[in-house]
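To start, the structure itself, in structure tokens.
The values are calculated or read from the model by the stated rules, or taken from the named source; none is laboratory data. In this text the structure is predicted, and so the values were computed from the model without any measurement. Cβ coordinates were reconstructed from backbone atoms using ideal geometry, including for glycine residues, and neighbour counts include every protein chain displayed.
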Amino acid sequence: MRDKRQKILEDPEAYRQEQIAKRRPDDFYDRTNEEQQEIIAELEGVVASVDPGALKEDIMQLTRLADRAMVLEESEVESKLIKLKEAITKQGIFEDPGMKLLIFTEHKDTLDYLVEKLQAWGLTVTQIHGGMKIGNQDTYGTRLHAERAFRDDVQIMVATEAAGEGINLQFCWFMINYDIPWNPMRLEQRMGRIHRYGQDNDCLIFNFVSTNTREGRVLQKLFDRLRQIESDLDPKRTGKIFNVLGDVFPSNQLEQMLRKMYARSLTEEAIKDRIVTQVDTERFKRITASALEGLATQELNLAALIGRRTEAKERRLVPEVIEDFFVHAAPLAAINPKETRGKDHIYRIGRIPRTLWRIGERLEHRFGRLGHEYKQIVFDKEYLKGNPTLEWVTPGHPLFECVREEVLQRVQSDLRRGTVFYDLNRKEPARLDVLSAAIRDGRGKVLHRRLFVVETAMDGMMAVRQPTIFLDMVPASGNIDTHIPDDTGLPDRDQIEHALVRDALQPLLEEVTTEREKEIETISCHIEISLSAIIDWIQCQFAELISAKESGSTEQGLDGRIKQFEDRLFELNGRLEGRREELQHERHCTIADIRHHGRAWVLPHPERNSPEIASMVRNDEIEKTAVQAAVAYEEARGWVVESVEADNRGFDLISRKAHPEDPQTAIVVRFIEVKGRATVGEVALTTNEYKTAERLKEDYWLYVVFNCSTEPEVHTVRNPARLGWEPLVTIEHYYMGADEILEAEK
């Protein structure tokens, strides 16, 4: 720039002729001489003759201003950097190498500057910017590789808007917006990288605002206003007004106002006044109450949620079950998880075999990209609190889903061939058909997909069972083909599917349809409120612009703004109508995708009459008496009892203590397994019962009823899995003597 100024000073007339030449039209030499002379005469008038003295003075003045601007810019950069170091030092970045920090900046040159400074301070740094391809976790220099490096090895990530969408950094809870974007939606997107599902910590976010500039003062006003509203609506800082800033300033409205301020068509004070008007408590109340389209509801019953927590715990797929499946299934997919020495439940995986890469590519659109290498994985996210660099593998993770898909493909022939089981408590053989089915809404979305077992007795009677029925059985061994009954006269597959629809799927469809109707009503209400509020606001702005135009306003860009608001209204009204139509379709639910997966036979256990085992065989009359005694015991305490004996859930009863003011709400729940003995004797748990007790711990109760043939005595044991049960391998049961049971009750 200095060289250019010096060149102008040395030959002002040459500079003038150069400017004239630049302004000539492209077809100048194709025109007639007369036209050329007219153009030159016109340009001579536009590009005035240069006074060397005046030009020199102007250039010197501009040079002083430019030098001053450079000094101010360098001072601003240095001041900001000092504040950055102060902030991260105070938060403990230098003291804790495991602590993560995400820094966002607007510009690539600022990113390069920050990376250099942070590395000079001895910190490990990675980066994401718009010049990087998405790539994958194994290709250096790509965004996904940088994301993985940030999680596993590096302490700080510096990013431009390229990281504002599409990456998940919930293992990091500390973020600094080194530059503030003018579009609030982009600020929300930045925050959403760490403030998302799977984040276990409160997020700390710093916004660096230079309050000695007009832009900075406007942004400061906005953040001050937000803090005031948060204090009004959310004094405990629960985060309920998070992520609604984009609804207050739709699209790029704030950016437009700032541009107008620098173009001198809108004053700083006018923008601040508009912020005060638009960012008000009542407006936030409406948005926070409506924006979630039914995910938030005005009728949440906290007591009911607390009461359901325990029951949800019983039904959820717990980490132990996921871990057990993966560890046993992975070798079939050529992966051999090795437990880390001295660290239970943390596994080393290493390189992923190429056979899974193809499956990973096919499933990528559903579950994300499969990495080519995984260092350490866990199945319980509690371990992430101690080490956030661990990979949490659970259903929905690409590694888990690829292993499951590969194993399912490998066992198809086994499923078609079928198998045979033994059941200690079964007197007669039965045929078991495994099927799956789904409930879909009117748009084809799967609302529920479940496995079912249809049990067919030798007399042709069919009953629908839960797939957990297999947990009470043991695989048969040896040559058992000769023991499989002839099923020629039993119901065929069409009859089995008909029984499934009649006895299980139709009731499920009715239940899901009822739930769906309630959900759609709630969602519809919130959509109408939220979108109508936004449409009303846009219409008011649109009306103001139309009024200004009709009044003869000469504001620059007015027509463009009118067109923008008109397009926005068209888009919002279309969106509202579209959602209404979609929700109408979503009300209609149907049974779909019935599939037959395989067949098995279950036979009476050959050892059930042996002296060592006979005492553990279920006596239906004794068990009936025991359950009656357990129910009476609970009802005498004022609890409400539900029998789930037919569901094979690992316990027989669910007992609930009702809320004193709301009998329909349970505040305490017990899951009770009942064991009855004619006199006093040892007790056995099936593998299913034992594992369920391990999983539910303090919520699981064993009620042993002795002397069922005379005067039943109920003995209660909480968390029986903590006791010293002896495994009986031949029948896969766990047994314990009566003395130990009586001692445990104490």
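Name the single residue that is farthest from the chain's Cα centre (by Cα) among those in segment 663-698 being charged (D, E, K, R) and over 19 Å from VAL627 (Cβ atoms).
Taking segment 663-698 as the starting set, the residues that turn out to be charged (D, E, K, R) are 670, 673, 675, 677, 682, 689, 691, 694-695, 697-698.
With the extra rule that they be over 19 Å from VAL627 (Cβ atoms), the set shrinks to 682, 691, 694-695, 697-698.
Working: GLU682: 47, LYS691: 28, GLU694: 28, ARG695: 24, LYS697: 28, GLU698: 29 Å.
Per the stated criteria, the residue is GLU682.
Out of (1) at pLDDT 90 or above; (2) out of contact with any helix residue (DSSP H, G or I) (no Cβ under 9 Å at 6 or more places or on another chain), what's the single condition that is false for ASP739?
Of everything listed in (1) at pLDDT 90 or above; (2) out of contact with any helix residue (DSSP H, G or I) (no Cβ under 9 Å at 6 or more places or on another chain), ASP739 misses just condition (1).
Check segment 577-596 and report whether any residue there is in contact with a Gly (Cβ under 7 Å, 6 or more places away or on another chain) and part of a strand (DSSP E or B).
Step one: list which residues in segment 577-596 are in contact with a Gly (Cβ under 7 Å, 6 or more places away or on another chain), which gives 585-588.
From what's left, part of a strand (DSSP E or B): none.
So far as segment 577-596 goes, no, none of its residues is in contact with a Gly (Cβ under 7 Å, 6 or more places away or on another chain) and part of a strand (DSSP E or B).
Given (1) under 24 Å from PRO475 (Cα atoms); (2) buried (at least 21 other Cβ atoms within 10 Å of the Cβ); (3) at pLDDT 85 or above, identify the lone condition not met by GLU694.
All conditions pass for GLU694, except number (2).
Can you tell me which of ARG431, ARG369, ARG404, ARG410 is in contact (Cβ under 8 Å) with a residue 40 or more places away in the chain and within 30 Å of ALA457 (Cα to Cα)?
Details: ARG369 fails: within 30 Å of ALA457 (Cα to Cα); ARG404 fails: within 30 Å of ALA457 (Cα to Cα); ARG410 fails: within 30 Å of ALA457 (Cα to Cα).
Matching residue, one of ARG431, ARG369, ARG404, ARG410: ARG431.
Go through LEU432, LEU471 for me and flag whichever is among the aliphatic types (A, V, I, L, M), not assigned by TED's automatic domain parsing to the domain that holds TYR690 and not in a helix (DSSP H, G or I). Quick ask: steps written out before the conclusion?
Values: LEU471 fails: not in a helix (DSSP H, G or I).
Exactly one of LEU432, LEU471 is among the aliphatic types (A, V, I, L, M), not assigned by TED's automatic domain parsing to the domain that holds TYR690 and not in a helix (DSSP H, G or I), namely LEU432.
Does segment 184-213 hold any residues that are in contact with a Phe, Trp or Tyr (Cβ under 6 Å, 6 or more places away or on another chain), at pLDDT 75 or above and more than 22 Å from LEU114 (Cβ to Cβ), and which are they?
ASN201
Quick check: is even one residue across segment 540-557 farther than 30 Å from MET461 by Cβ, touching a residue at least 40 places away in the same chain (Cβ under 8 Å) and surrounded by fewer than 16 Cβ atoms within 10 Å (Cβ to Cβ)?
Checking segment 540-557: at least one residue is farther than 30 Å from MET461 by Cβ, touching a residue at least 40 places away in the same chain (Cβ under 8 Å) and surrounded by fewer than 16 Cβ atoms within 10 Å (Cβ to Cβ).
For residues in segment 172-183 being modelled with pLDDT of 85 or more and outside any strand (DSSP E or B), which is farthest from the chain's Cα centre (by Cα)?
So in segment 172-183, the residues modelled with pLDDT of 85 or more come out as 172-178.
Restricting the remaining residues to those that are outside any strand (DSSP E or B) gives 172-173, 178.
On the way: CYS172: 15, TRP173: 16, TYR178: 27 Å.
My answer is TYR178.
Which residues, taken from segment 510-523, are over 23 Å from the mean Cα position of the chain (by Cα) and closer than 16 Å to ARG580 by Cβ?
Filtering segment 510-523 for residues over 23 Å from the mean Cα position of the chain (by Cα) gives 510-514, 517-518, 521.
Correct list: GLU517, GLU521.
Tell me which residues, restricted to segment 720-733, are in contact with a strand residue (DSSP E or B) (Cβ under 6 Å, 6 or more places away or on another chain) and in contact (Cβ under 8 Å) with a residue 24 or more places away in the chain. Before you say what the answer is, go through the steps one by one.
Pass one, segment 720-733, residues in contact with a strand residue (DSSP E or B) (Cβ under 6 Å, 6 or more places away or on another chain): 720, 725-728, 732-733.
Residues satisfying the conditions are PRO720, TRP725, LEU728, GLU732, HIS733.
Taking the options GLU607, GLU571, name whichever one is assigned to a helix (DSSP H, G or I) and charged (D, E, K, R).
Values: GLU607 fails: assigned to a helix (DSSP H, G or I).
Unique residue meeting the criteria: GLU571.
Being without any contact (Cβ under 8 Å) to a residue 40 or more places away in the chain, in contact with a strand residue (DSSP E or B) (Cβ under 9 Å, 6 or more places away or on another chain), within 19 Å of TYR422 (Cβ to Cβ) and not assigned by TED's automatic domain parsing to the domain that holds VAL644, is that true of even one residue in segment 484-496? Write out each step before concluding.
Narrowing segment 484-496 to residues without any contact (Cβ under 8 Å) to a residue 40 or more places away in the chain: 486, 488-489, 491-492, 494-495.
After this cut, where a residue has to be in contact with a strand residue (DSSP E or B) (Cβ under 9 Å, 6 or more places away or on another chain) as well, the list is 491, 495.
Then drop every residue that is not within 19 Å of TYR422 (Cβ to Cβ), which leaves none.
No, segment 484-496 contains no residue that is without any contact (Cβ under 8 Å) to a residue 40 or more places away in the chain, in contact with a strand residue (DSSP E or B) (Cβ under 9 Å, 6 or more places away or on another chain), within 19 Å of TYR422 (Cβ to Cβ) and not assigned by TED's automatic domain parsing to the domain that holds VAL644.
Any residue in segment 539-548 that is farther than 26 Å from LEU447 by Cα, within 28 Å of the chain's Cα centre (by Cα), in the same structural domain as ARG443 (by TED's automatic domain parsing) and part of a helix (DSSP H, G or I)?
no
Can you go through PRO475, PRO507 and tell me which one is loosely packed, with under 14 Cβ neighbours inside 10 Å and more than 21 Å from VAL420 (Cβ to Cβ)?
Working: PRO475 fails: more than 21 Å from VAL420 (Cβ to Cβ).
That would be PRO507, the only listed residue that is loosely packed, with under 14 Cβ neighbours inside 10 Å and more than 21 Å from VAL420 (Cβ to Cβ).
Does segment 363-389 hold any residues that are touching an Asp or Glu at 6+ places or on another chain (Cβ under 8 Å) and exposed (fewer than 12 other Cβ atoms within 10 Å of the Cβ), and which are they? Break it down stepwise before answering.
Step one: of segment 363-389, the residues touching an Asp or Glu at 6+ places or on another chain (Cβ under 8 Å) are 363, 366-367, 370-381, 384-385, 389.
Matches in segment 363-389: ARG366, GLU373, LYS385.
For segment 310-421, list the helices (runs of 4 or more DSSP H) that sit wholly inside it and hold at least 2 residues that are of a type in the set (A, V, I, L, M, F, W, C), touching a helix residue (DSSP H, G or I) at 6+ places or on another chain (Cβ under 6 Å) and modelled with pLDDT of 90 or more; which are they? Working first, answer last.
On the way: elements: 319-329, 354-367, 398-410, 412-417.
By residue number, 354-367, 398-410.
Out of ALA504, ALA499, ALA533, ALA476, report the one residue that is among the hydrophobic types (A, V, I, L, M, F, W, C) and more than 30 Å from GLU689 (Cβ to Cβ).
Details: ALA504 fails: more than 30 Å from GLU689 (Cβ to Cβ); ALA499 fails: more than 30 Å from GLU689 (Cβ to Cβ); ALA476 fails: more than 30 Å from GLU689 (Cβ to Cβ).
After ruling out the rest, the residue left standing is ALA533.
If you check ARG561, ARG595, ARG618, ARG579, which single one turns out to be closer than 21 Å to SER530 by Cα, in contact (Cβ under 8 Å) with a residue 40 or more places away in the chain and not acidic (Asp, Glu)? Working first, answer last.
Values: ARG561 fails: closer than 21 Å to SER530 by Cα; ARG595 fails: closer than 21 Å to SER530 by Cα; ARG618 fails: closer than 21 Å to SER530 by Cα.
Testing whether each residue is closer than 21 Å to SER530 by Cα, in contact (Cβ under 8 Å) with a residue 40 or more places away in the chain and not acidic (Asp, Glu) leaves just ARG579.
Can you confirm whether ILE622 is more than 41 Å from the chain's Cα centre (by Cα), surrounded by 12 or more Cβ atoms within 10 Å (Cβ to Cβ), under 25 Å from PRO475 (Cα atoms) and of a type outside the set (Ser, Thr, Tyr)? Break it down into steps so the answer makes sense when it comes.
On the way: more than 41 Å from the chain's Cα centre (by Cα): yes; surrounded by 12 or more Cβ atoms within 10 Å (Cβ to Cβ): yes; under 25 Å from PRO475 (Cα atoms): no; of a type outside the set (Ser, Thr, Tyr): yes.
In short, no.
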